[in-house]
Each structure stands twice: as structure tokens, then as C-alpha cells.
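Since the structure comes first, as C-alpha cells, the remarks are kept for the end.
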Amino acid sequence: MQRIIKPKAVLSRRKPIILSRQSLSTLSQQSHSSTSIQENDAFVSQMPPFDYTPPPYSGPSTEEILRKRQQYLSPAICHFYKKPLNLVDGKMQYLFDEKGRRYLDAFGGIATVCCGHCHPEVVDAIVNQTKRLQHSTVLYLNHAIADFAEALASKLPGDLKVVFFTNSGTEANELAMLLARLYTGYHDIISLRNSYHGNAAGTMGATAQSNYKFNVMQTGVHHALNPDQYRGIFGSDGPKYAKDVEDLITYGTCGCVAGFIAEAIQGVGGILELAPGYLPAVYSTIRKAGGLCIADEVQSGFARIGSHFWGFEGHGVVPDIVTMAKGIGNGIPIGAVVTTPEIANVLTRRNYFNTFGGNPMCTAGGLAVLRVIEKEKLQQNAFTVGSYLKERLTSLKGKHEIIGDVRGRGLMLGVELVQDRELKTPAKVETAHLMDEMKELGVLIGKGGFFGNVFRITPPLCFKKEDADYLVGVMDFVMSKM
Ligand code: PMP
């Protein structure tokens, strides 16, 4: 077992695994799809071969982009990596920088790219529709929105057959909460601590991580104990956590609520799967209190979890409202809310309108995404490759003391890093540092969790076993050097 060194010492004492100038220039001279990354003394492994060479890049330099970004974009936007990465091309599970260097994408634009970057069938569907009609609004008829709504409804159980299209996950959750409030006539909503549901007025209230909550009015949401199987007080006992929702309703509301919203696997919160038995118990409590159950499938939907198409299916529940975004469009800005005809009807009380929601370009792309997921059996692939990857990551835990937990399902996996396994002290600085090192070796992963100490692994669903092997090899190597 390896000893965990305190963050400062780690950073100052370690020899960084930055590729030498010479090896970098060798790499950029290689065919644009570099396949082998080696470090002087140790890491020798091949990124799986890939037969694609992006066109040469002649755009502005990384420095110039960074300068413009600093001058003209909000100071609130941040970037990964000490030396930010300029990505100019993407193909399936790979990304390319301005020098044509290839990276294995294990983050998928935050669990968004499901079919693969620039999947030709998705691109064709978008381009062909854009050439005919890009935008008209739902005030006119067009087949694209109707076709996609029909296909999407066919993927959902029971009476969940009415679709509203939005532009983002935030908008979808805002609408879901509105629907719940209108349908029930109640106001209070219960969400989970450590959840992320968006950043507009209502959804910032539902989000329960202080680093995403500004000090503005956010009323009517109560945050229940998180059924967190790693850090939660009841471990994996779902029904015990569910009791807290009963108490919140009894003591914190008039006894009735508008609804409950939860992700089946918290994404931003650090790939936390809700404890088994939690959702069935809470759904029953919420319905007794007159409320609706909302499943936020923005990250866990669209086959990502492998075992099921939707995250809620893994818990054996059927929600009243399902919200989605990210994977729905493989990268095009689209979101959706699906509910029952009866609930959907409440919006007829006033005008509800969204200028871009369901526009032909996005819905044509969305339909192509669904077809590709089915045709290329991406759910099965997420299951097979995801299970394999999880097993390999779990075996790394036996070797590296810094790994506190490996969790998730399919291609939605998390690796939580701690300085001390007993105390579970978040290894925040080490996480950022290791991510940087992995990038230098050509592997891009995400980061999350309330303490910023969880690797988020959410690649495109076309990720292969060989990609998983490369990722694990790189992670093992950089951890060994700590
Ligand atoms: N719900 C979940 C579970 C999310 O992860 C996110 C985005 N990270 C959102 C909602 C909000 O989606 P968007 O950023 O598209 O508004």
C-alpha cells in the first residue's frame, strides 16, 4: 500500500510527468492521430489505434483564445488544467487539440456526448434538416418535432407520453417543478442534499450544494438527507434515509407537497448512486402527501447506466415527470420534460411558450441520437464496457490507498480520492493534480463531488474495452508516481 503524502508535499516533491519538449514535438510530427505516449523512464502504453486524421488547424493559438476569453467572457467561467486544453476536433470517443494530438475522452462533454463526437448519422440529420428549415417555432407544423416526440415517448413507461421540449436541463427542471406546483396546488418541493438540478431561480433552490447556490431568494424547497452509500449515516440502508422525507413533510410543510425531485445517480455531486430501496419508499411517501415524483435524468438517462435506459428504472419506480437534457442531443442544445396527459394539461391554463424548444434542427438531431443508440447497441456496450472498467478501477483500489471508493453503473462511474480511508478526508488537491497528469498522457476525465475529489468517468457510450485498459493504465501510472 502506498502512503498518502500531504498535498503541498506532493506537489513540490514530485517529478511531474510532463512530456519532454522533444517527445511532444515527436508526437506532433507523428500522424495526427498519435497513438503512443511514453515517458522517459516508465509509462509505455498504446492508446488504441484509431483510423482518423483531423484536418490541419489554422485558427488562432491557444494563447490568443485564452486572452480573448479572459477579456471578453465572464470571469466566472473556469477551465480544467493548469495549462488549458484547446480542443479543435472530435471523432467518436476521441478529441484532438490544435496540434492534432489525440486524447481519449472519458468525460463526454459532461456526460453529454453519447453516440460519439460528430457521429456521422447525427451530423447528417442536423445538417440535412438545417439545409431545409432550421427554425420556425411550434406555431407552425413540422414533422421533426412530432417524430422525435413520438420516438421519445416510446422509450418511457406507463402514461409518460406527453413531451415538452426545452433548450437545457435547467429549463426542463424549472418546467417540471412548475408542472408539479400547478397540478397539485401545493408549493413545497423536496430535493436531496448534494444534488444538482440547474441554476435558474427555482432549480438553484432545488440544487443543494452551497458552491452552486448564490445568495438570492430560493424558496419552497426542503433538502432531505442524501442516501449516500459512502458518506451517509445509514450506509446503504435506503428506507432509513427515506424516513427523513416523511419528517420533513410532517415538520417543515403544511403536510402536503408539490413534489420530489432526484437524480438516480448524482452526477455533479460525484457519481453517487442513491441507496437501494430509497426511491420506492420516498415515492410512496410523496404520493401520500399529494405530491408528484420527478426523475432528473439529465445525466443518467439515454442508456448511460447500461443496465437500463433510464436511471429510475434501476430503482423499480415509475415517476410522474421525467426531465432530460445532455445525452438527448449528443451535444446539441436540447432538453425535454415528459409527463402524463393529465399533468401536461395544467399548462393550458395560460400560455406556455419556448421560442427554440423543439426546433427542427435539434429534434432531427435528437431522433438520430435515439436511432444510433439502438442501432449500435450502445446501452449493451455501456453495460459491458462499463462493468469491465468498474472492475478494473476497483482492482486499482487494492493498489492505491488514495482511492476511497469506486462506484456507479455502466459508463457513469466515479472514483473518490481520499487522504485517509478511515477519515475519508477529501483529496482535493491530489485529484486536480492527477487529472492534470492524466491529461498529459492523453486521457481526459472529469471531476466533481462536493469536495471536488471525485473523478467522473462519463465517456461517449462507444467507449471500448481497449480504451478502458488505456485509461486504467494511465491512472495506475500517475497514482504510482505520487
Ligand atoms: N440536472 C442535472 C442532473 C445536471 O447534471 C445538470 C447539469 N450539470 C442540470 C440538471 C442542468 O442542465 P443544464 O446545464 O443543461 O442547464
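The values are calculated or read from the model by the stated rules, or taken from the named source; none is laboratory data. Model, not experiment: these values are computed from the prediction. When we count neighbours, we look across all protein chains shown, and the Cβ atoms used for this are built from the backbone with ideal geometry, even at glycine. Side chains are part of the model used for accessible areas, which takes the heavy atoms of the whole protein and leaves out ligands, DNA and RNA. Shrake-Rupley method; radii C 1.70, N 1.55, O 1.52, S 1.80 Å.
Loop-located GluC sites (Glu not before Pro) across segment 393-482 with a Cβ neighbour count of 15 or fewer within 10 Å are Glu422, with loop assigned by DSSP. A Förster distance of 30 Å, applied to the separation of the beta-carbon atoms of Cys254 and Arg349, puts the FRET efficiency at 0.85. Taking Lys and Arg as +1 and Asp and Glu as -1, the other residues whose beta-carbon sits under 13 Å from that of Pro341 total -2.
A simple count of charges around Glu171, restricted to other residues whose Cβ falls under 14 Å of its Cβ and scoring Lys, Arg +1 and Asp, Glu -1, yields -1. Along the charge dipole of the chain, pointing to its positive end and built from +1/-1 on Cβ of Lys, Arg, Asp and Glu, which listed residue (Gly314, Leu141, Asn226) has its Cα farthest out? Result: Asn226. Provide the per-residue ³J(HN,Hα) series for segment 420-435, in order, calculated from phi with Karplus coefficients 6.51, -1.76, 1.60 and θ = phi - 60°, each as a whole number of Hz, with x at glycine and proline positions. Rounded to whole hertz, the list is 8, 5, 6, 7, 6, 5, x, 8, 5, 5, 4, 4, 4, 5, 5, 4. Taking each DSSP H run with n ≥ 4 as -39500 (n - 2.57) and averaging over every residue of the chain yields -11000 deg cm²/dmol at 222 nm.
Here Ser284 and Asn128 are evaluated by their C-beta separation; at R0 = 60 Å the FRET efficiency comes out at 0.80. Considering only beta bridges that DSSP places wholly inside the chain, some 70 percent are antiparallel.
Computed from the Kirkwood radius of its Cα pairs, the Stokes-Einstein diffusion coefficient for the chain at 4 °C and 1.567 mPa s stands at 55 µm²/s. One Cα centroid belongs to segment 239-304, the other to segment 42-84; the line between them spans 39 Å.
Using the average count of surrounding beta-carbon atoms within 10 Å as a protection proxy, the listed peptides 372-382, 302-312, 136-146 rank, highest first, as 302-312, 372-382, 136-146. Near Lys240, which lysines are there with a Cα under 24 Å away, not counting those fewer than 8 places off in the same chain? Here the lysines satisfying the reach criterion relative to Lys240 are Lys288, Lys424. Mean sequence separation of contacting Cα pairs (under 8 Å, at least six apart), scaled by the length of the chain, corresponds to a relative contact order of 21 percent. Relative contact order for segment 237-387: 20 percent, from Cα pairs under 8 Å spaced at least 6 residues apart, divided by residue count. The portion of the accessible surface of segment 310-408 made up by carbon and sulfur, rounded to a whole percent, is 51 (1.4 Å probe; DNA, RNA and ligands excluded). Compared with the dominant principal axis of the Cα atoms in the chain, helix 120-132 is inclined by about 60°. What the chain shows is 43 Å² of accessible area per residue, with the surface traced by a 1.4 Å probe over protein heavy atoms. Accessible area ranking (1.4 Å probe, heavy atoms, ligands and nucleic acids excluded), largest first, for Cys256, Cys293: Cys256, Cys293. Along segment 283-290 the Karplus relation, 6.51 cos²θ - 1.76 cosθ + 1.60 evaluated at θ = phi - 60°, assigns HN-Hα couplings of 4, 5, 4, 5, 5, 5, 8, x Hz to successive residues, with x for each Gly and Pro.
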